Each structure stands twice: as C-alpha cells, then as structure tokens.
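The values are calculated or read from the model by the stated rules, or taken from the named source; none is laboratory data. Note that the structure is a prediction, hence the values are computed from the model and not measured. Reconstructed Cβ throughout: ideal geometry from the backbone, glycine too, with neighbour counts over all protein chains shown. Note: accessible area is taken over every heavy atom of the protein model, side chains too, but ligands, DNA and RNA are not part of it. Shrake-Rupley method; radii C 1.70, N 1.55, O 1.52, S 1.80 Å.
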Amino acid sequence: MLKKCLFPVAGYGTRFLPATKAMPKEMLPVVNKPLVQYGVEEALAAGLDEICFVTGRGKRAIHDHFDISYELEHQIAGTDKESYLVGIREIIQRGRFASTRQLEMKGLGHAILTGELLIGNQPFGVVLADDLCFNEGPGVMEQLVAIYRRTGNTVIAIQEVAEEDVSKFGIVAGEEVEPGLYRVTDMVEKPQPDQAPSNLAIIGRYVLSPFIFELLRHTPPGKNGEIQLTDALLALARTSKVLAYKFQGRRFDCGSVGGFVEATNHVYQNVYQRGGR
Ligand code: UTP
C-alpha cells in the first residue's frame, strides 16, 4: 500500500528573507502557482492522494491554500476568472490533506520523524517542495513509485552534479544494477569534492519504508544539532536494499534564489506562455 506523501514544510526559508518573514517559503509563487502546489500535483499524479504536511508556526497559508475559499469563489463565480481556480479545485477534490507540527526545526530527519504520526506503519513518498521537478513524461515521484512497486525497496532520486557542487548535497556511492538504477553502498552528507564517493547527488524525492522512523529515532543529531535523513538512510542501506534512481527530467533548486529565478523563467516560457496553468 503506497498512498501517502509527506511534505516537510516546516523550514524557515532564511535564504529568502525578508520575503519569508511572515510567509511560508513553500507559498512563494513560481509564476502563478505556489511552489508547494507543484509538489502536490506531482504526488497526486503518482497516485499518492493522501497528502501529509509537517508544518511549523507561520505556515497557515499552506492549509488555507488547500481549502475552499468561499468568499473568493462567490466573488468570481460566473466570470472568466473562475477558470483560474479549476486546477486547485481539482486538487482539493482529489487529495486528502492532514498535517502535524514540528515544534522545533531540528532538521529534515526530525521533520520526517515528526510525520510518523500521520504516516503510520506503511511505505510513503516524500517531496521536498523546494526541489521543483519537471518531466515531459511521468513525474519524478511517479518514476520512484514505479520502481518501489516493482522492487519493494526504498528508492531515492539522484542526479549527476558538477564536481564543484557536490558539497551542497548528500552524495551516494553504489553499484549500478540496471541502467540508471543503483544499489546504495555509501552516502556522505555535503562532502568536499576530494572526499565525495561520486557525483550522484540526492534530491528531494524519496519513497521510504516505515522502518526509517525507527532508524531516525536512533540517529544522533549531526551538524547544527540537526537530525540528518542521510544518516538514517545509510543505516537502512546497511541492513536492507536502498535504491537510487537517476530520474528522468529536470530539477530546479527553488530553495536558492538563483534556482528559483531559473524555475520561474522555465515555467513562464514553457508552461504559462503556452496557456498552461
Ligand atoms: P532546507 O535545508 O532548505 O531549509 O530544508 P529551510 O529552512 O527550508 O531553508 P533555508 O536553508 O533556511 O533557506 C529542506 C526541506 O526540509 C524542510 C524544509 O521546509 C524544506 O522543505 N525542513 C527542514 C523541515 O520541514 N524542518 C526542518 O527542521 C528543516
């Protein structure tokens, strides 16, 4: 059973201050849709229609976005602006939404562990909405779900990055078991280029076994007192099979200002100007 997708959206988004002082980073619009909506669309397209948010203080706008806005609906009913809401209405109808709060921002691993309450004892997808991914064919989450269904193994999305960029990512080492699919043998969080086992970088899409919660519970905090997901994934890789898949498509790092601008230009030219919403 793979129906749930966890969205850790509790981070402060300090790289976007002051924009993120009173507004969640995940609500920043890439052209006409907030970042988090793209992620939810990708999860729904993969058949994961139980959407679980791990939020924090100041993130209320995310809940409101995935709810009906009666005044607004009433105001624009019967006008041509109604069409602007078709996409988000469909999402609200198709998805089921739940959330819990991470009380202290102790890192991605801690955010995922906080989500255990919503996920329970079943495999689940994870989308980091600030990695915005596009593909002409199936989305990245759909690609991972297909591999999970075929193999039953935890699977994470990876991409090749330039050597000078390895220090920004979790980097995996592995043996290629099929073209583009690796069995993970090692993982290093943000290594220096000369210490990196490869240039295969982990990006923000995962399908995880619920066993990860047990491992996260026993993962000691690392850098800045944060619990790293990479540490728990490495522990998982030592006891069972963890796969890493070089996904098809393109990723934009919308957690950084430069990546966000690139994504905006991409969506404006390739989606919005062609009439997409
Ligand atoms: P980032 O490392 O991008 O952190 O988190 P951030 O706080 O969002 O942004 P900056 O670095 O201050 O600009 C990666 C993902 O993990 C979530 C974030 O919301 C983001 O989706 N996260 C991170 C949490 O949910 N909780 C945390 O404690 C840390």
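Applying the selection to the range 223-258, what residues are within 18 Å of Ala129 (Cα to Cα) and either aliphatic (A, V, I, L, M) or without any contact (Cβ under 8 Å) to a residue 24 or more places away in the chain (or both)?
Leu229, Val257, Gly258 - these are the residues of the range 223-258 that are within 18 Å of Ala129 (Cα to Cα) and either aliphatic (A, V, I, L, M) or without any contact (Cβ under 8 Å) to a residue 24 or more places away in the chain (or both).
Quick one: in the range 217-237, of everything that is in a helix (DSSP H, G or I) and over 12 Å from His110 (Cβ atoms), which residue is most open to solvent (accessible area, probe 1.4 Å)?
Lys223
Any idea which of (1) within 16 Å of the ligand (Cβ to nearest atom); (2) of a type outside the set (A, V, I, L, M); (3) surrounded by fewer than 17 Cβ atoms within 10 Å (Cβ to Cβ) is the one Glu116 doesn't satisfy?
It is condition (3) that Glu116 fails.
Given the criteria closer than 22 Å to Gly11 by Cα, among the hydrophobic types (A, V, I, L, M, F, W, C) and assigned to a strand (DSSP E or B), does Val207 qualify?
Values: closer than 22 Å to Gly11 by Cα: yes; among the hydrophobic types (A, V, I, L, M, F, W, C): yes; assigned to a strand (DSSP E or B): yes.
For Val207, the condition - closer than 22 Å to Gly11 by Cα, among the hydrophobic types (A, V, I, L, M, F, W, C) and assigned to a strand (DSSP E or B) - is met.
Could you run through the range 6-25 and say how many residues are open to solvent by 10 Å² or more (accessible area, probe 1.4 Å), under 14 Å from the mean Cα position of the chain (by Cα) and modelled with pLDDT of 95 or more?
2
So which residues in the range 138-182 are small (Gly, Ala, Ser) and either touching a residue at least 24 places away in the same chain (Cβ under 8 Å) or in a helix (DSSP H, G or I) (or both), if there are any at all?
As a first pass, look at the range 138-182 and keep what is small (Gly, Ala, Ser): 139, 146, 152, 157, 162, 167, 170, 173-174, 180.
Within the range 138-182, Gly139, Ala146, Ala157, Ala162, Ser167, Gly170, Ala173, Gly174, Gly180 qualify.
Check the range 243-254 and report whether any residue there is modelled with pLDDT of 95 or more, at negative phi and among the polar types (S, T, N, Q).
Initially, the range 243-254 is screened for residues modelled with pLDDT of 95 or more, giving 243-254.
This time we only want the ones that are at negative phi, so: 243-248, 250-254.
Then keep just the ones that are among the polar types (S, T, N, Q); that gives 248.
Yes, the range 243-254 has at least one match.
Could you identify the single residue in Phe66, Phe53, Phe134 that is surrounded by 22 or more Cβ atoms within 10 Å (Cβ to Cβ) and either closer than 28 Å to Thr20 by Cα or within 14 Å of the ligand (Cβ to nearest atom) (or both)? Working first, answer last.
Working: Phe66 fails: surrounded by 22 or more Cβ atoms within 10 Å (Cβ to Cβ); Phe134 fails: surrounded by 22 or more Cβ atoms within 10 Å (Cβ to Cβ).
Answer to the selection: Phe53.
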